[in-house]
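A quick write-up on the structure given underneath.
The values are calculated or read from the model by the stated rules, or taken from the named source; none is laboratory data. In this text the structure is predicted, and so the values were computed from the model without any measurement. Cβ atoms come from the backbone with ideal geometry, glycine included; neighbour counts cover every protein chain shown.
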Amino acid sequence: MRWVFTTLLLLLAVGLNAQFTITATTTPEFCAGTGAAAFTVNNTVPGATVDFLLYKLPDTTTPYRTASEDATATTTSHTESNLPQGNYRLQVVHSLGGVPTNLTPYNFSIGNNFTAITAQNISITPTTVCGDKATFVVNVAGSGQPARYELRNLSNSVIFPFQTSPNFTSPIAAGTYRLAVEDICGNTTVKDVNVVVSTSIVRPNTSIQLSLTSCNTISYKQGVTATQNNASSPSYIKVFQYPVQLNVEVKNAVTGVVVLQSNMMITNSAEASAGIPITITNFNPGDQLTHTATTTDACGVTATYTRTINYNPNFNFSSSFGECNARYLRILNFSDYFIDAETTVEFISYPAGFKPWEYNPDFVNGAYSHTYNTLPEAYTGGSEIAFGGQYQPVPAGSYTIKVTNECGASVTKIYTFTQPAPQSPSAYNDPDCEEGWHNIGFYYDNGNTIGIAQAIITQAPQEFIDTYGPLPFDASAYIVTNPSTGKKELRMRVPTGIYTFQVTNTCGQEFTRNIDATKKVEVLSHNVTYTRFCGGYFTLNVSATVSGIGASNNVNYYLQKWYPAQNTWGHPTTGVTGDVANANTRQEYNSSTQYYAHGDLRVIAIPRLSKFGGTAMACPARYLVVEEFNIPDGAIKLNDYYTTSCPNGTFNLLLDATGIGTLTYKIIEKDGQSFIIDNGTDPVFTNLAEGSYKVEITDSQCLDVITVTLRVITTKMPIIRASNLCEGENGKLYVSGASYLTVEWYKNGVSTGVFGHSFPFTPYTSATDIGLYEAHLTYNPNPNSCINNVLSFNLTAGMENTPNAGTGQSVTIQQNTLTGPINLFDYLTPPYDAHGYWTDENNTGLLMGNNWYGQFANGGTYEFKYIVDGTCTNSAEATVTIKLEGYCLNDPASPGIGGTDTKVGITLLKRAGADDADNWPMVRKSGHIALESNTKGFVVTRIAKANLGNITKPQEGMMVYDTTDKCLKIYSDGAWRCFNEPTCP
């Protein structure tokens, strides 16, 4: 039957009288129902009665409110208060002497100036205080107007009752709390917040820089620092920890005599960094002093540092490379040498031919020692006394040197080196930002001046030859000067492959070097976890191992969301979509970020690749997908549901849902009628008859509720999937849903003794691991269930990388010919693998395995995909398209397709003014129903798809217009379904 809708419009004729006028002043509502409208009727007659009939549009039949005023003057006023937002019509009736006069209706609107507080706009600023606790201030962004604040624990027990100040000054321990913010209208927004305690421990600074100010005097400064997260700095000392009492005691470690006692109160960071000056006199070489520093902060926390001070003169005697790997000598890093004392540097032994005066101008001709009146202070900081240099090598061999000063410090050291062998250059080998290309080259990275003089390529892949020319190829044109070192380097951008080079350096030394430029940039392993919180946000924890990027931190992670309408990925909250190279289409990952996104999300990795050994640069075009996951809109997500048939003719219904807190399950309807089964926390319902069930799932922590309609008609169970069954690698078989089931694994009919949802292969070896695997399912918590089922997966050779999904067909099926479900395999052309799975691209909720119950669907076109994953890599898919034709909406005027003429009509009033007013109802062929109007169309209630769930008790046959799907929908068989384009015989 076709439903044709036009408008039934009742026009109310009203009398107009120009002598009356109405003026009004409106006040928008702020809190709910606080709007107002003040009316003034002009030219009223004293003694008349003025009636005010207020209608809330679109209802113009039943007054929203009525009131009456007695006119005492030529103007009569009336005020309506407590009006909610909306559109209104005021009908004023002026009655004098029993004769009413209807004034022209006055239409007006009450707006809304209220802005709600959202959880996303709520944050806190904790401030650590003594006792590893914190106070905090509540911050509310946006234009919402908070009035009171309350703090609860995660069990919703009140810790601090509602207060008007956003400052919570009573200290609390670090942790997650539930914050309630009430606005001035009494609306409350709740959000889970983290109170962070930034702890730091004040202690003496252990980095004491000693200096000899004479042969027997030591000076230094004792400062104060704080440790935080394994780091130390005076800036980590918190304001509330000042003042800090610092006590320093120095005594002779042998005699116990105290040689210094100092106390100081430190009040700020500058004083903590500067420290207490300490000077110890009458200190002689060989003495040992015990230094003890103790801090006490304002919270009463103490810390002590003790060390023994020795007079331990030392220096470093070594060599460095010069031109063509030749070496020269260096004396540097003097410690505990009094710099103003005379210091003698003397060579005790040396190779034949070494004459120090030829290598250092401080030494006079023929002298093997030199006395410095003052040791240059720069020497103690890392400068050097050098013999030879970059271009002046010294003879190879053994050197003995003695450094003595007038304070009695004397140290002798030996350094030996041999003639260095030719040094092979280092190689670059980094993937390029363009896939299939690499940056390669040769260079010298030590302190000498050796560079690359010539490079000949003798082996390369064909793509290189096609690009650059035949072999051998002289690549010397690609030798450049490194601006930071001044040395010659070879730098080339080449196709992926194996290369052999003949390299000659600037010292004339030749080397044959191979470069394997085949590094892959790929995710080798990853771990992405998320934690969801009340208030609609979640946090992420991402880690991954990515090959080919050099340093492990040369990668950045980002979050994206899938937008089906645009068929692309984009920014998770702004909705900007497009190429991932656009920074606006992704949100950078941070473990502390609160993400307010839902739907299909993914984490991508953008590698930073080095170019010629330089600073790594980001390569957005080579982004890698780390993991995809789904975050539901709200606290609850129904991942899937399963059904099993029982020997007594009933069914079990298994729900696979996730939430933030504990979930509870309750059936509230069957086939559109009230039907209550409260299952508590048990996700398995038993002893159900076939039918359509409405199930209510509640998250007990966040108090979110979702309602889903599920059809129970046949057995539908999880499937076994394969993951990374690649030869020689670790992989697994796993059951894809219902984690609460007990799973025991069998191979070729024999129990393996493995329990759990996954069966591991460590590693997978096809020669021994192929076979028929079975997952035996049981549900221990409910002995009345009949879940005991067996899932199977026949693991055979050749499944790893060559999946076959067959070829899908497009068919037209008359719905009235269906006597049972449609087997989708009937419309899949072989050959195809048997271990694939079907997906319902239209989410009809009527697909059970490979059977689609089309008899319960509306007419229309539906797509189903058969997906076959290779057990190692690759995937194949085929699409079956079914055009379901089930009814005809044409006027049955064709010969042989008659209908009985029927008088049908719906009206509120007689068809006034029509020529055939007495001929009502009229003949409507085939029982069609018409709602008619002279000028306007009938408007069905309009509602967005997301709000259909807010219709609390939909009834069979109820109709609305879905503004999201842009179709007329009818509630049928437990779901809202579009009227699709019909077809006819």
- [ ] Report yes if Phe442 is in the same structural domain as Tyr468 (by TED's automatic domain parsing), of a type in the set (Phe, Trp, Tyr) and under 30 Å from Asn505 (Cα atoms), otherwise no.
- [x] yes
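Is there a residue in the stretch 739-758 that is under 30 Å from Ile668 (Cβ atoms), over 32 Å from the mean Cα position of the chain (by Cα) and not small (Gly, Ala, Ser)? Walk me through how you get there before you give the answer.
Step one: of the stretch 739-758, the residues under 30 Å from Ile668 (Cβ atoms) are 739-742.
Right, trim to over 32 Å from the mean Cα position of the chain (by Cα) and you get none.
There is no residue in the stretch 739-758 that is under 30 Å from Ile668 (Cβ atoms), over 32 Å from the mean Cα position of the chain (by Cα) and not small (Gly, Ala, Ser).
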Subset of the stretch 122-155, residues hydrophobic (A, V, I, L, M, F, W, C) and in a strand (DSSP E or B), comes to Ile122, Ile124, Val129, Ala134, Phe136, Val137, Val138, Val140, Ala147, Leu151
Restricting attention to the stretch 654-676, the residues that are in a strand (DSSP E or B), hydroxyl-bearing (Ser, Thr, Tyr) and within 29 Å of Phe538 (Cα to Cα) number exactly 3
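Picking from Gly451, Gly497, Gly486, which residue would you name as being surrounded by 16 or more Cβ atoms within 10 Å (Cβ to Cβ), farther than 22 Å from Asp516 by Cβ, out of contact with any Gly (no Cβ under 7 Å at 6 or more places or on another chain) and outside the structural domain of Asn333 (by TED's automatic domain parsing)? Working first, answer last.
On the way: Gly497 fails: farther than 22 Å from Asp516 by Cβ; Gly486 fails: surrounded by 16 or more Cβ atoms within 10 Å (Cβ to Cβ).
From the options Gly451, Gly497, Gly486, the qualifying one is Gly451.
With respect to Asp633, determine if the residue is at pLDDT below 90 and not polar (S, T, N, Q).
Numbers: at pLDDT below 90: yes; not polar (S, T, N, Q): yes.
Yes, satisfied.
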Of those in the stretch 938-985 that are among the acidic types (Asp, Glu), more than 13 Å from Gly672 (Cβ to Cβ) and at pLDDT below 80, the residue surrounded by the most Cβ atoms within 10 Å (Cβ to Cβ) is Asp965
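Please specify each residue of the stretch 440-462 satisfying the condition of being part of a strand (DSSP E or B) and within 30 Å of Gly322 (Cβ to Cβ). Show your work before the answer.
First pass over the stretch 440-462, keeping only residues part of a strand (DSSP E or B): 440-443, 452-459.
Scanning the stretch 440-462 gives Ile440, Gly441, Phe442, Tyr443, Ile452, Ala453, Gln454, Ala455, Ile456.
Touching a residue at least 12 places away in the same chain (Cβ under 8 Å), over 24 Å from Gly661 (Cβ atoms) and outside the structural domain of Val239 (by TED's automatic domain parsing): is that true of Phe168 in this structure? Spell out the reasoning first.
On the way: touching a residue at least 12 places away in the same chain (Cβ under 8 Å): yes; over 24 Å from Gly661 (Cβ atoms): yes; outside the structural domain of Val239 (by TED's automatic domain parsing): yes.
It is true that Phe168 is touching a residue at least 12 places away in the same chain (Cβ under 8 Å), over 24 Å from Gly661 (Cβ atoms) and outside the structural domain of Val239 (by TED's automatic domain parsing).
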Of those in the stretch 808-826 that are surrounded by 15 or more Cβ atoms within 10 Å (Cβ to Cβ) and either at pLDDT below 90 or touching a Ser or Thr at 6+ places or on another chain (Cβ under 8 Å) (or both), the residue nearest to Tyr764 (Cα to Cα) is Gly808
Within the stretch 80-102, the count of residues that are surrounded by 14 or more Cβ atoms within 10 Å (Cβ to Cβ), at negative phi and in a strand (DSSP E or B) comes to 13
Note on the stretch 163-211: residues touching a Cys at 6+ places or on another chain (Cβ under 9 Å) and assigned to a loop (DSSP other than H, G, I, E, B) are Ile184, Cys185, Gly186, Asn187
Query raised in the report: Somewhere in the stretch 562-584, is a residue over 30 Å from Val196 (Cα atoms), touching a Leu at 6+ places or on another chain (Cβ under 8 Å) and touching a residue at least 24 places away in the same chain (Cβ under 8 Å)?
Result: yes
The strands (runs of 3 or more DSSP E) lying entirely within the stretch 715-763 that contain at least 1 residues which are surrounded by 14 or more Cβ atoms within 10 Å (Cβ to Cβ), at negative phi and among the acidic types (Asp, Glu) are 742-747
Here the qualifying pairs (Cβ atoms under 6 Å; residues six or more apart or on different chains; first in the stretch 543-554 and closer than 9 Å to Arg608 by Cα; second of a type in the set (A, V, I, L, M)) come out as Ile549/Val555; Asn554/Ala616
All conditions in (1) of a type outside the set (D, E, K, R); (2) surrounded by fewer than 17 Cβ atoms within 10 Å (Cβ to Cβ); (3) assigned to a strand (DSSP E or B) are true of Asn282 except (3)
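Select from the stretch 233-248 the residues that are within 43 Å of the chain's Cα centre (by Cα) and under 13 Å from Gly223 (Cα atoms) and list them in ascending order.
Step one: filter the stretch 233-248 for residues within 43 Å of the chain's Cα centre (by Cα), giving 233-244.
Passing the criteria: Ser233, Pro234, Ser235, Ile237, Val244.
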Across (1) modelled with pLDDT of 90 or more; (2) out of contact with any Ser or Thr (no Cβ under 6 Å at 6 or more places or on another chain), Met617 clears everything bar (1)
Here the qualifying pairs (Cβ atoms under 6 Å; residues six or more apart or on different chains; first in the stretch 28-51 and over 13 Å from Ser81 (Cβ atoms); second of a type in the set (Asp, Glu)) come out as Val50/Glu69
Exception for Cys299 within (1) modelled with pLDDT of 85 or more; (2) out of contact with any helix residue (DSSP H, G or I) (no Cβ under 7 Å at 6 or more places or on another chain); (3) surrounded by fewer than 16 Cβ atoms within 10 Å (Cβ to Cβ) falls at (2)
| task | Might you let me know whether the stretch 260-277 holds any residue that is buried (at least 18 other Cβ atoms within 10 Å of the Cβ) and in a strand (DSSP E or B)? | result | yes
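Could you say which residue among Thr518, Thr506, Thr512 is more than 43 Å from the chain's Cα centre (by Cα), at negative phi and at pLDDT below 95? Talk me through it step by step, then tell me what you get.
Details: Thr518 fails: more than 43 Å from the chain's Cα centre (by Cα); Thr512 fails: at pLDDT below 95.
Only one candidate qualifies: Thr506.
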Quiz item: closer than 30 Å to Ser155 by Cβ and surrounded by 16 or more Cβ atoms within 10 Å (Cβ to Cβ): does that describe Gly659?
Solution: yes
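Among residues belonging to the stretch 369-404 that are at pLDDT 85 or above and more than 30 Å from Ala421 (Cβ to Cβ), point out the one that is surrounded by the most Cβ atoms within 10 Å (Cβ to Cβ). Please lay out each step first, then the result.
Of the residues in the stretch 369-404, the ones at pLDDT 85 or above are 369-373, 385-389, 392-404.
Now drop any that are not more than 30 Å from Ala421 (Cβ to Cβ), which leaves 369-373, 402-404.
On the way: Ser369: 15, His370: 17, Thr371: 13, Tyr372: 17, Asn373: 8, Lys402: 14, Val403: 23, Thr404: 20.
Ranking the candidates gives Val403 first.
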Residues in the stretch 505-536 that are among the polar types (S, T, N, Q), surrounded by fewer than 17 Cβ atoms within 10 Å (Cβ to Cβ) and not in a loop (DSSP other than H, G, I, E, B) total 6
**Asked** Going by the structure shown, is Leu847 aliphatic (A, V, I, L, M), without any contact (Cβ under 8 Å) to a residue 40 or more places away in the chain and not assigned by TED's automatic domain parsing to the domain that holds Gly860?
**Response** no
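Would you mind finding the one in Tyr444, Tyr428, Tyr415 that is modelled with pLDDT under 90, surrounded by 14 or more Cβ atoms within 10 Å (Cβ to Cβ) and over 30 Å from Ala605 (Cβ atoms)?
Details: Tyr428 fails: over 30 Å from Ala605 (Cβ atoms); Tyr415 fails: modelled with pLDDT under 90.
Step by step, each of Tyr444, Tyr428, Tyr415 is checked, and only Tyr444 is modelled with pLDDT under 90, surrounded by 14 or more Cβ atoms within 10 Å (Cβ to Cβ) and over 30 Å from Ala605 (Cβ atoms).
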### Task
With respect to Thr539, determine if the residue is touching a residue at least 24 places away in the same chain (Cβ under 8 Å), over 21 Å from the mean Cα position of the chain (by Cα), surrounded by fewer than 17 Cβ atoms within 10 Å (Cβ to Cβ) and more than 29 Å from Glu729 (Cβ to Cβ).
no
Test: residue in the stretch 56-66 that is surrounded by 17 or more Cβ atoms within 10 Å (Cβ to Cβ), among the β-branched types (Val, Ile, Thr), in contact with a strand residue (DSSP E or B) (Cβ under 8 Å, 6 or more places away or on another chain) and assigned to a strand (DSSP E or B) | no
